[in-house]
Number of protein chains: 2
Amino acid sequence: MTTTLQDCRALDASDPLRPLRDLFLLPEGVIYLDGNSLGPLPKAAPERVARAVREEWGEGLIRSWNTAGWYELPRRLGDTIATLVGAGPGEVVATDSTSVNLFKVLSAALALCAADAPGRRTVVSERSNFPTDLYIAEGLCRERGLELRLVEAEDIPAALDARTAVLMLTHVNYRTGAMHDMAAVTRAAHERGALVVWDLAHSAGAVEVDLHGADADFAIGCGYKYLNGGPGAPAFVWVHPRHAERFWQPLSGWWSHAAPFAFTPDYRPAAGIARYLCGTQPVLSMTALECGLETLLAAQPLGGMAALRRKSLALTDLFIRLVEERCAGNGLALVTPRDHAQRGSQVCLARDEGAYAIVQALIARGVIGDFRAGPPDILRFGFTPLYLGFEDVWNAVEQLREVLESGEWRRGEFNRKQAVT
Amino acid sequence: MTTTLQDCRALDASDPLRPLRDLFLLPEGVIYLDGNSLGPLPKAAPERVARAVREEWGEGLIRSWNTAGWYELPRRLGDTIATLVGAGPGEVVATDSTSVNLFKVLSAALALCAADAPGRRTVVSERSNFPTDLYIAEGLCRERGLELRLVEAEDIPAALDARTAVLMLTHVNYRTGAMHDMAAVTRAAHERGALVVWDLAHSAGAVEVDLHGADADFAIGCGYKYLNGGPGAPAFVWVHPRHAERFWQPLSGWWSHAAPFAFTPDYRPAAGIARYLCGTQPVLSMTALECGLETLLAAQPLGGMAALRRKSLALTDLFIRLVEERCAGNGLALVTPRDHAQRGSQVCLARDEGAYAIVQALIARGVIGDFRAGPPDILRFGFTPLYLGFEDVWNAVEQLREVLESGEWRRGEFNRKQAVT
C-alpha cells in the first residue's frame, strides 16, 4: 500500500516534537532541507543578537567581558554541547572553526603518538571525508614526514595496523549520509593501538553521539549545521580527559593560558579543555550559537536526542519511500544507506545527468537542498526533526517529481554555476 | 599659561573631524578611553547586523553565501583594511583571530628562513610584547627547536645577528603606547638578513601604517580595537606579495584551497592571500566588522589616517599636559613617550599604589580606561579621534583629579578583582 498525503498529516498530528518548529523563523513557502549545511534562524536569535549589539557592546562596552558573561561564553556553550555528544561538563569549548580545531586535536594526537609509539607514522582517513579534514591532515603529515593514507570506508579495518598513529574520520559522511559505528570503529582502532579523532560536523545535534560510551579520544564539530548557530558560527572541540593535559596544542594563544590576564611573558597552559582555546572569540556569532543550542535543549523534556533521532529516521525513511514510490523511473539512485544504524540525518540521491540543475529548480520552487559534485553527482537533502514535518517531506517529494516530469530543470537559468554550490 | 576648559572647547569647535563622532552610539555620560581594547558601537551596526540575522540568515538561508555576498566577506573587508595599512588590493584577508593569524605568518616566515637560511635559528621579540604573540612564538620555537630571544626595545638592534630568522614585533606596545619606527626597524632587520612580522593590533586604524613603504614581510592585526568591529571581531592578515605564494601555511583548511567547492581530496593552495584563510568565518561578526571599517572610511574625505593621526596626537598631547598641570603631586608617572614619532594613540600612567582601584573608580564615574598589571602597574587610556573630543579629555582629567584628591579609590568596592581586567 502506497503512502498518502493523509498518512503524512496523521504522522504530524501525532508527533510529540511538532511544537519545536515554533522555535524557528522559517520563510513562508520554503521547505528547508539544507539544515545540514546551515541551520535556520531560531526565533530567539534576532532579539538576543540585537541585545548583544545594543546593550552589551553599545552600552556595556569593555565592561561586558565581565558583566555580560562574554568571558565565559566558550565554556558555557561548550558545556551545553557536551550534553548533546556524550561528553562531561568542562570537557568541551566552543571556539574557532572546525578546521582550526581539527588542527589542534590532530596535532595533539600526533604528539601523543610520537611520545608513546614513535614507530607509528601513518594517519588513516576516508577518501570521501570532508575535504577540509583531509587538507589539514595533509598539511600536518607533510610537516611531520608522516603518511596520510586514504581508503574507502569498507577498507578502514584492514588499513589499521602497527604503523597507524591516528584514525581520523567524520562520523556521518557529508556526501552520502553514511554513518560509522563510532563505538565499534573506535574499539577496532584502539585494539590496533591507534588514537581516534572524530569530526561530528554532521552528527552533533543530528544523531545520538556518545563520546565517552565509545571511548573516543578527540572530537571536533560544527556550530552552524544541526546546532543552528548561524552562518559561520564557532565550532567546538572535545578532548578525552585522559589526554587533555598531556599536550600543549600549538595554537597556544592567550585564551589557552592558565592566567590570560596576568599578561606574563611565559606560556603556561590552562587546566583541561581551556588549553584548546586560542584567541578572542566573535561574541556576536557566539550569542547566535547560544540561541541555536537552546533549540536543542528545548527537546530535552520531549526525549532529547533519542526522540530527535527517532523522528529523523522516520523522516528519512518516509523521504526514501516516497521518492521510490512517486519518482520511480526518473534516474535517481539512493546513495544513503537504508540501514538505520548506518544512516545520518540526510538522504542523498545520485543522478547521472542534471543533478545540479534539478537542485536549482527545486530551490526556485522553495525546496532548498544542495548539490555535491561527483562522480556521482549528488542531490543532498538534510532532515532536521526540530522543524521539519512529515507533510513537508510529502510536499518536497511532490516538487521533486514535478521538476523531473516537467523537465524544467533543463532551462538555462538552472544550469549557471554559482560561487558557492 | 595653563590650559583651560575654554581652550578645549575652542579646539573642538575648529576640529574638522568632529562630525565623525555621530557615526557612533556612545552611552550617555561615558567618556570612552578604551577603544584600544574594544572599539564602541558604530551607529550603522545594529540595523546592519539585524538585517544579516533576519534577512540574510533567516530569509536567505544557505542561498546568502551567494546572494548576500558572504562568500566574499574576508576578501572584501581585507581590501578595506588594506587601504588603512599601506597594503594593496587583494593582499589582506579578514579572518580568524589575531593569535591564529600570527601562527600562520610566523610559520610561513620560519619556513622561508628554513629554506633560504637554515642556519638562522632565532626568533627575536620584545619582552613586553603582547603575551599571546610570545606564547604563539614560544610554541612554534619549541616545536621546531628554535630559540625565542626576548629583549628590551632598546636592545633590539643589537639582538639582530646572523642567527636571527625572524624579528616579531608589535608596532605599538599594548602596555606603554610606545611605537616602533616600522621602516627603520624593518630595514635594520633586513640588513641583517632577518624577516619581520608586524602585529598591528594597536596601530591599524590608530596611526599611519605603510607596510609597503616599510618593505615589511608579514603583518597581522585586530578587528575589535581601533577598527571598531565589535567584541571578538575577526582579525586580519597581510603577506607581502613576494612571499605570499612561497609557502603553504599549516592551517590549510578548505577556504584556503584553490577551488574550495570542487571538494577534491588533495590540497592545492589558492593564489595570493586567500591561502591564508582556513575555515568558515563568523558572518554576523564579520558584518559588524564591516560597519566598524566604514567609520574609518568616512574619515577619508576629511584627510584619512593622516588627519586622524594629527588629531590623535593633539588629544594625547592635551591629556599629558592636563594630567601634568592638574593632577601633579599625585604619584602619576608618564610611561608613554613624549616624542610623537614614538607614540601610538594611547597614554599610560604608572602609579606605585592603587592603579587598579583608581581605574575602577574612574569607570564608576563614567570614564572608561583600563588597568594593566605591572610592575609598574599602569592606568591605560586610549584616544580614538573618530569619536573623542578635546572637552572629553578635559573632563576625563577632571574626573581623574577628583578620584585622586578624594581618595575614593581606597573604598573596597574598587579593589575587588574581576575575571577580565
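The values are calculated or read from the model by the stated rules, or taken from the named source; none is laboratory data. Worth saying up front: this structure is predicted, and the values here are computed from it rather than measured. Cβ coordinates were reconstructed from backbone atoms using ideal geometry, including for glycine residues, and neighbour counts include every protein chain displayed. Protein only, heavy atoms only, side chains kept; ligands, DNA and RNA dropped before computing areas. Shrake-Rupley method; radii C 1.70, N 1.55, O 1.52, S 1.80 Å.
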Between the range B:161-204 and the range A:69-116, what's the alpha-carbon centroid distance in Å? 34 Å
Counting only residues 5 or more apart in sequence or on a different chain, those whose built amide H sits under 5 Å from that of A:Ile31 are A:Val367, A:Ile368
Rounded to the nearest 5, the percent of antiparallel DSSP beta bridges in the range B:116-184 equals 10 percent
When DSSP assigns beta bridges and you keep just the ones with both residues in chain B, what percent turn out antiparallel, to the nearest 5? 55 percent
Would you pull out the residues with amide H under 5 Å of B:His257's amide H, same chain only if 5 or more places away, H placed 1.01 Å from N? B:Ala270
Positive dipole terminus of the protein assembly as shown, leading residue within B:Val347, A:Trp65, B:Pro241 (C-beta point charges): B:Pro241
Suppose every K and R has +1 on its Cβ and every D and E has -1 on its Cβ; what is the size of the dipole of the range A:125-217 about the Cα centre, in Debye to the nearest 20? 240 debye
Is the shape of the range A:327-370 best called rounded, prolate or oblate, per the rule: a/c under 1.5 gives rounded, else a/b larger than b/c gives prolate, else oblate, with a ≥ b ≥ c the square roots of the Cα gyration tensor eigenvalues? oblate
So in the protein assembly as shown, what percent of DSSP beta bridges are antiparallel if you round to the nearest 5? 55 percent
At a threshold of 8 angstrom on Cα-Cα distance, excluding pairs fewer than six apart, so keeping six or more, what relative contact order does the range A:359-400 reach in percent? 33 percent
Mean Cβ-within-10 Å packing, highest first, puts peptides A:56-63, B:214-221 in the order B:214-221, A:56-63
So, in nm and shortest first, the distances from A:Glu28 to its counterparts in the other copies, with label points 7 Å along Cα→Cβ, work out as 3.9
Could you please state, rounded to a whole Å, how far the C-alpha centre of the range B:298-332 is from the C-alpha centre of the range A:236-281? 38 Å
Mean Cα-pair separation over length for the range B:102-161, i.e. relative contact order, pairs under 8 Å, 6 or more apart, %: 40 percent
³J(HN,Hα) across the range A:254-260 via Karplus (A = 6.51, B = -1.76, C = 1.60, θ = phi - 60°), whole Hz, x for Gly/Pro? 4, 6, 8, 7, 4, 9, x
May I ask for the net charge around A:Glu126, where only other residues with Cβ less than 13 Å from the Cβ of A:Glu126 are counted and Lys, Arg are +1 while Asp, Glu are -1? -2
Amide H of B:Leu25 versus every other amide H placed in the peptide plane: which residues, excluding those fewer than 5 positions away on the same chain, fall under 5 Å? B:Leu41, B:Lys43
What is the angle, in °, between the Cα long axis of helix A:98-116 and the longest principal axis of the Cα atoms in chain A? Nearest 10 is fine, range 0 to 90. 50 degrees
If each part is reduced to its alpha-carbon centroid, the range B:351-383 and the range A:25-41 end up apart, in Å, by 48 Å
Output the relative contact order of the range A:20-144, whole-number percent, from Cα pairs under 8 angstrom with separation of 6+ residues. 13 percent
Would you mind classifying the range A:195-282 by shape? Square roots of the alpha carbon gyration tensor eigenvalues, ordered a ≥ b ≥ c; an a/c under 1.5 is rounded, otherwise it is prolate if a/b is larger than b/c and oblate if not. oblate
Would you tell me the mean number of C-beta atoms belonging to other protein chains that fall within 10 Å of each C-beta in B:24-35, as a whole number? 2
In whole Å, what three semi-axes, largest first, describe the equivalent ellipsoid of the protein assembly as shown built from its Cα gyration tensor (square root of 5 times each eigenvalue)? 48, 30, 24
By its C-alpha gyration tensor, with a ≥ b ≥ c as the square roots of the eigenvalues, how is chain B shaped: rounded for a/c under 1.5, else prolate for a/b larger than b/c, else oblate? oblate
Please give the total accessible area that chains A and B bury against each other, computed with a 1.4 Å probe and expressed in Å² to the nearest 100. 7100 Å²
In whole Hz, the Karplus estimates of ³J(HN,Hα) for the range B:202-212 (6.51, -1.76, 1.60; θ = phi - 60°; x where Gly or Pro) are 9, 10, 4, x, 10, 9, 5, 10, 10, 4, 5
If each DSSP helix of 4+ residues adds -39,500 (n - 2.57) and the sum is divided by the residues in chain A, what number results at 222 nm, nearest 500 deg cm²/dmol? -11000 deg cm²/dmol
Calculate one ³J(HN,Hα) per residue across the range B:303-315 by plugging θ = phi - 60° into the Karplus curve 6.51 cos²θ - 1.76 cosθ + 1.60, and present them in order as whole Hz with x for glycine and proline. x, x, 4, 5, 5, 4, 5, 4, 5, 4, 5, 5, 5
